[in-house]
1. Once both axes come from the Cα atoms, what is the angle between helix 183-195 and the longest principal axis of the chain, in degrees from 0 to 90, rounded to 10?
2. Spelling out what I want: for every residue of segment 233-241, take phi, set θ = phi - 60°, compute 6.51 cos²θ - 1.76 cosθ + 1.60 (Karplus), and round to whole Hz; glycine and proline get x.
3. Can you work out ³J(HN,Hα) from phi for every residue in segment 249-255, in order, using Karplus 6.51 cos²θ - 1.76 cosθ + 1.60 and θ = phi - 60°, giving whole Hz and x for Gly and Pro?
4. For every helix of n ≥ 4 consecutive DSSP H residues, a contribution of -39,500 (n - 2.57) applies; sum these over the chain, divide by its total residues, and give [θ] at 222 nm rounded to the nearest 500 deg cm²/dmol.
5. Taking Cα pairs under 8 Å and at least six residues apart, what relative contact order does segment 136-277 come out at, in percent?
6. Mean separation of Cα pairs under 8 Å and 6+ residues apart, divided by the residue count of segment 1-159: what relative contact order is that in percent?
7. Fully extended, how many nm does the chain gain between residue 124 and residue 97 (0.36 nm per residue separation, minus their Cα-Cα distance)?
8. Please compute the contact order of the chain in relative form: average sequence separation of alpha-carbon pairs under 8 Å and at least six residues apart, divided by the residue count, as a percent.
Amino acid sequence: MTALPPPRHTLLVGSGKLAARLAPLLLADGGTVTALRRSDRPLPDGVTGLSADLAVPLREPLPAVDAVVVTLPPGPGGGAYRTALTHLADALPTPPARTVFVSSTGVFDGGGDARPRTERDEPAPVTPRGEGLRDGERAARELFDAVIVRPAGIYGPGREFLLRKVHEGAALTHRRRTNRIHETDLVRTLDLLLRVPEPPALVHAVDRAPAPLGEVVGFIARRIGVPVPPDDAGAPSGYVYDGALLHGLLGTLEYPTYEDGYAQLIDGSAAEGSGRG
């Protein structure tokens, strides 16, 4: 595929790990990047920072931009996303040509069966978090005609929740259906969705290896040399997500399975620890 140029000017709404890794990709190809965030945390070189809290109307207008990427956490209250996106839309002088809104497969909640869910399946959330995510997706479409990305189980350096649980020997539901995406492949997805002329309206960002949680923690435990965490004998829950749309769009994943991703994460951490010694 011929390299596609990035948007001329991208506004990153939220300045967490995804934004920090996405910005250098856009800058490297000649794009301009501005980050809107509540804190004054350091930004990648070349990124212009703007401080604002989208929970309230912005006092000053934002610059005109060609693209927006929203990576905000859900926040308190079911309408937090809608409030933030409304204030964002009001502060922009013109609608961006492309908006990407990062949601979550958590919009599907309340249990489920083993049938893989595709982008055609309609969520019916029953928890406040799921309902907030769903309302955020709707607001992003209504206000920005946004492309929605639903990642599942983001992991990678600095995202080591499951590794810690295995180290602790915490009881886990081995039969729970799980999906995940390595942060590297999620950032590649966001970058591509900003560049392609006609992106899909909705993408489930998952790798090629959905698996029961017991299989995943068993692999991790063997790799780090600790006992497999006990099974809490909970009922199966969770969903399996069909990632065919993403895989066709992105092509080869850098970490197509949890074995690939966790092996690199564990071995990399071990090598780093040895180097410090």
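1. On a 0 to 90 degree scale, this one is about 30.
2. 6, x, 5, x, 8, x, 10, 9, 10
3. Taking θ as phi minus 60°, the curve returns 6, 8, x, 5, 7, 5, 10 Hz for segment 249-255.
4. Calculated mean residue ellipticity at 222 nm is -11500 deg cm²/dmol.
5. 32
6. 21
7. Going from the current span to full extension adds 6.8 nm.
8. The value is 18 percent.
Readers should treat all values here as calculations from the given coordinates under stated rules, not as data from a laboratory. As the structure is a computational prediction, the values presented were derived from the model and not from experiment. Note: ideal-geometry Cβ built from the backbone for every residue, glycine included; neighbour counts use all protein chains shown.
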